[in-house]
Amino acid sequence: MNQYDLTQGGTIVAKQPTLDPARLPAHVAIIMDGNGRWAKRRFLPRVAGHKQGMENVKTITMAASHLGIKCLTLYAFSTENWKRPDSEVGYLMKLPVDFFNVFMPDLIKENVRVQVMGELDALPAATRQAAEAAMADTAKNTGMILNFALNYGGRDELVLATQQIAQAAAAGQLDPATIDASTVASHLMTAPLGKLADPDLLIRTSGEERISNFLLWQLAYSELVFTDLYWPDFTPAALEAAILEYQQRDRRFGGLNS
Ligand code: FPP
């Protein structure tokens, strides 16, 4: 019996399909939503939801790495999240510091390489330093990339890329006629991910079905899976269920099936 068999009174009544290891999504991106509602449901302050959300980042990072996912991108703080009360923003800015302080030995043991993308210069110094130290300390690791989007916004990213490309053209370093999709991709914050830049699977928790300014260019052909679970309740089994749903999709990238 495996963990996917459905049993009634000890008897296997149905077999659920198991994951096909040959067709895993290489890059999984997650919009970790619902921390606030998770806390509210328990009569706890919103930050308690973020704390539990951070704990779950550890669980899901390990689960994704063990499954063989090559890149896990997590939307930790958007360029719009500054609109929240100062106390909540302050708490969210401390989370990466706590996370890397506590979890770095496990990340190193697991051979995980940390990337952080976003407008890092606008972060509080301690947050930025924690992110930079995590990237430096894991730079040589060859396992799963754990890519945090921190002070990240898809529109901002495209504006910055456009500015860089326009500046190169104005300086005569780039012929505008040669600008193509790969030029744009090479100026995006996901460029360091190379071939893994575009997520195969995007998961959003908490029942909301929006992209919320996340990876606007890179999600062009991603499969989207939405779950009603709040992020702190999103388990490794829920991750596997989302991947199973992904494996049942027919990805055509605008073409036809052979
Ligand atoms: C959205 O839920 C969640 C966030 C804005 C923050 C996500 C951050 C974490 C899960 C922790 C990050 C951890 C590290 C290590 C950086 P919400 O607050 O919008 O929830 P709600 O929609 O229920 O109010």
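The values are calculated or read from the model by the stated rules, or taken from the named source; none is laboratory data. Quantities reported herein were computed from a predicted structural model and do not represent experimental measurements. Using ideal geometry, Cβ is built from the backbone for each residue, glycine included, and neighbour counts are taken over all protein chains shown. To get the accessible areas, we keep the full protein, side chains included, count just its heavy atoms, and leave off ligands, DNA and RNA. Shrake-Rupley method; radii C 1.70, N 1.55, O 1.52, S 1.80 Å.
What the table shows:
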{"quantity": "So Ser186, is it modelled with pLDDT of 95 or more, away from the ligand (no atom under 16 Å from the Cβ) and of a type in the set (Ser, Thr, Tyr)", "calculated": "yes"}
{"quantity": "Set Glu110, Glu132, Glu119: member being within 27 Å of Arg210 (Cα to Cα), out of contact with any Pro (no Cβ under 7 Å at 6 or more places or on another chain) and not hydroxyl-bearing (Ser, Thr, Tyr)", "calculated": "Glu119"}
{"quantity": "Single residue of Ala161, Ala133, Ala139 found to be under 30 Å from Thr183 (Cβ atoms) and open to solvent by 10 Å² or more (accessible area, probe 1.4 Å)", "calculated": "Ala139"}
{"quantity": "Subset of region 195-250 that is part of a loop (DSSP other than H, G, I, E, B) and of a type in the set (Ser, Thr, Tyr) - its residue that is farthest from the ligand (Cβ to nearest atom)", "calculated": "Tyr221"}
{"quantity": "Hits in region 60-80 - residues which are within 13 Å of the ligand (Cβ to nearest atom) and either open to solvent by 50 Å² or more (accessible area, probe 1.4 Å) or free of Cβ contacts under 8 Å to residues at least 12 places away in the same chain (or both)", "calculated": "Glu80"}
{"quantity": "Ala166 being of a type in the set (Gly, Ala, Ser), within 16 Å of the chain's Cα centre (by Cα) and assigned to a helix (DSSP H, G or I)", "calculated": "no"}
{"quantity": "Residue check for Gly172: outside any helix (DSSP H, G or I) and either free of Cβ contacts under 8 Å to residues at least 40 places away in the same chain or of a type in the set (A, V, I, L, M) (or both)", "calculated": "yes"}
{"quantity": "Residues of region 122-142 classified as under 16 Å from Leu92 (Cα atoms) and part of a helix (DSSP H, G or I), total", "calculated": "8"}
{"quantity": "Answer residue from region 49-88, given it is small (Gly, Ala, Ser) and over 14 Å from the mean Cα position of the chain (by Cα) and is nearest to Gly36 (Cα to Cα) among those", "calculated": "Gly49"}
{"quantity": "Residue that is under 20 Å from Glu55 (Cβ atoms), free of Cβ contacts under 8 Å to residues at least 12 places away in the same chain and within 15 Å of the ligand (Cβ to nearest atom), where the choices are Val102, Val97, Val112", "calculated": "Val102"}
{"quantity": "The listed residue being touching a helix residue (DSSP H, G or I) at 6+ places or on another chain (Cβ under 9 Å) and not in a helix (DSSP H, G or I), out of Leu72, Leu95, Leu107", "calculated": "Leu72"}
{"quantity": "Cβ-Cβ under 6 Å pairs, at least 6 apart or on other chains, region 236-253 side small (Gly, Ala, Ser), far side open to solvent by 60 Å² or more (accessible area, probe 1.4 Å)", "calculated": "Ala238/Leu229"}
{"quantity": "Matching residues, region 34-59, being within 15 Å of Asp228 (Cα to Cα) and either more than 9 Å from the ligand (Cβ to nearest atom) or open to solvent by 30 Å² or more (accessible area, probe 1.4 Å) (or both)", "calculated": "Arg37, Arg41"}
{"quantity": "Qualifying position, being out of contact with any Gly (no Cβ under 7 Å at 6 or more places or on another chain), of a type in the set (A, V, I, L, M, F, W, C) and open to solvent by 60 Å² or more (accessible area, probe 1.4 Å), among Val116, Val102, Val97", "calculated": "Val102"}
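One line per residue, one yes/no per condition, for (1) under 24 Å from His50 (Cβ atoms); (2) among the aromatic types (Phe, Trp, Tyr); (3) buried (at least 22 other Cβ atoms within 10 Å of the Cβ):
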site	(1), (2), (3)
Glu208	yes, no, no
Gln218	no, no, yes
Glu223	no, no, no
Glu240	no, no, no
